[in-house]
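A.B. asks: Sharing a structure with you now.
The values are calculated or read from the model by the stated rules, or taken from the named source; none is laboratory data. The structure displayed is predicted, hence computed values, not measured ones. Using ideal geometry, Cβ is built from the backbone for each residue, glycine included, and neighbour counts are taken over all protein chains shown. For accessibility, only protein heavy atoms count, side chains too; no ligands or nucleic acids. Shrake-Rupley method; radii C 1.70, N 1.55, O 1.52, S 1.80 Å.
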Amino acid sequence: MIRRPFGPTSVAVPVVGQGTWNLEHDDRRTALAALRCGLDAGMTHIDTAEMYGDGAVEEIVGEAIAGRRDEVFLVTKVLPRNASRRGTVDACARSLRRLGTDRVDLYLLHWPGRHPLADTIAAFEELRQKGQIRYWGLSNFDAEDLDLALAEAGPRGIACDQVLYHPGERGIEHAVLPWCEEHDVPLMAYSPFGSGSFPSPRSRGGAALAEVAQARGATPHQVALAFLVRRPAVFAIPKAARAAHVAENAAAGDLILSAAEIAALEAAFPLGERPARLPTL
Ligand code: NAP
């Protein structure tokens, strides 16, 4: 599994990690086994959120990483409604309790909300000083939102922007990804398989994924992941509750596409115009 330096942090993070949204609906033992299988395969970047299952998913993650905390690059998120100066600190304490740990590696604001960003950032900095989080970042922030955050935080404060990015939704390539590349901020691609709407092999894009997959002895899902992380700023976090899927996704972390394969996929999944609003789920 290829690892890359995670922007302004000193941490080498696997390019493909593990998402956990909706994991509370999967069979618990199977989900726990899948997460641990992912750790064994080097997918040590685990993404969760206080929102997922109203905290239930953080508890599943806590159980999965028990005894292995030091292996994990652990990411969780504060809900915008909780992201006041005091509320952020309190939400982090609850997340730490559910996760069974004393620190989170990366703490994200789940999406821009009504609380002043300056207050959320001040709370993040307090949590950092207390050692409860190592780094903080943002999610669902467009380039203009990132400019505002940068003005508040100063350079090298923002450790990531987590946004919707899959082959069929390349909107972030217009402004968010260039912004991240310019400011050395990692971009974490969420829903890399379209969250349940993976391109059918009968579609133009699906056929292109299948063709590259066949040529490389890979699967279309692996090719999709390799396509997303083709630029060094990008990391991806597929969710998989089945160990077979996890193993497949982990192996994708070693697949490097050629320039010709990337060009074929870019043509099959046209970029389109910049959307009026940042695409989200
Ligand atoms: P996703 O990763 O795009 O797709 C998950 C689906 O793909 C599941 O049904 C999974 O099945 C299936 N799958 C996984 N690996 C596969 C493989 N190798 N072959 C075939 N199918 C495979 O969906 P997502 O959960 O929406 O996004 C991923 C993560 O991003 C989330 O879990 C969450 O951590 C994060 N996220 C963040 C935000 C945000 O606002 N910041 C929003 C959405 C998502 P099984 O589960 O049955 O294995």
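A.B. asks: Hey, what did the chain get for relative contact order, percent, Cα under 8 Å, at least 6 apart?
C.D. replies: 21
A.B. asks: Hey, another quick one. Taking 0.36 nm per intervening residue step and subtracting the Cα-Cα distance, what contour gain separates Leu79 from Glu266 on full extension?
C.D. replies: Net length gain for the segment: 63.9 nm.
A.B. asks: I've got another one for you. What ranking, highest mean first, results for peptides 157-167, 176-186 when packing means the other Cβ atoms within 10 Å averaged over each residue?
C.D. replies: Highest-to-lowest ranking by the protection proxy: 157-167, 176-186.
A.B. asks: Just to confirm, what accessible area per residue do you get for the chain at 1.4 Å probe, in whole Å²?
C.D. replies: Heavy-atom SASA per residue in the chain reads 42 Å².
A.B. asks: Report Rg(Cα)/(2.2 N^0.38 Å) for the chain, keeping two decimals.
C.D. replies: Here the answer is 0.96, to two decimals.
A.B. asks: Once neighbouring chains are kept in place and the probe is 1.4 Å, which whole percent of the accessible area of the stretch 58-185 is contributed by carbon and sulfur?
C.D. replies: Summing carbon and sulfur atoms, their accessible area is 46 percent of the total for the stretch 58-185.
A.B. asks: Also, I was wondering about something else. Please give the charge dipole size of the chain, origin at the Cα centre, charges +1 on K and R Cβ atoms and -1 on D and E Cβ atoms. Round to the nearest 20 debye.
C.D. replies: Charge dipole, the chain, about its Cα centre: 420 debye, nearest 20.
A.B. asks: Using the Karplus curve 6.51 cos²θ - 1.76 cosθ + 1.60 with θ = phi - 60°, work out ³J(HN,Hα) for each residue of the stretch 240-245 in order, rounded to whole Hz, and write x for Gly and Pro.
C.D. replies: Karplus-based 3J(HN,Hα) across the stretch 240-245 equals 8, 9, 10, 4, 5, 5 Hz.
A.B. asks: Next question. Measuring from centroid to centroid over Cα atoms, what is the spacing of the stretch 228-246 and the stretch 145-210 in Å?
C.D. replies: 13
A.B. asks: What distance in nm lies between label points placed 7 Å from Cα along the C-beta direction at Glu126 and Arg114?
C.D. replies: With each label placed 7 Å out from Cα toward Cβ, I get 2.1 nm.
A.B. asks: Grab the beta carbon distance between Arg274 and Ala93, set R0 = 41 Å, and tell me the FRET efficiency rounded to 0.05.
C.D. replies: After rounding to 0.05, the efficiency reads 0.55.
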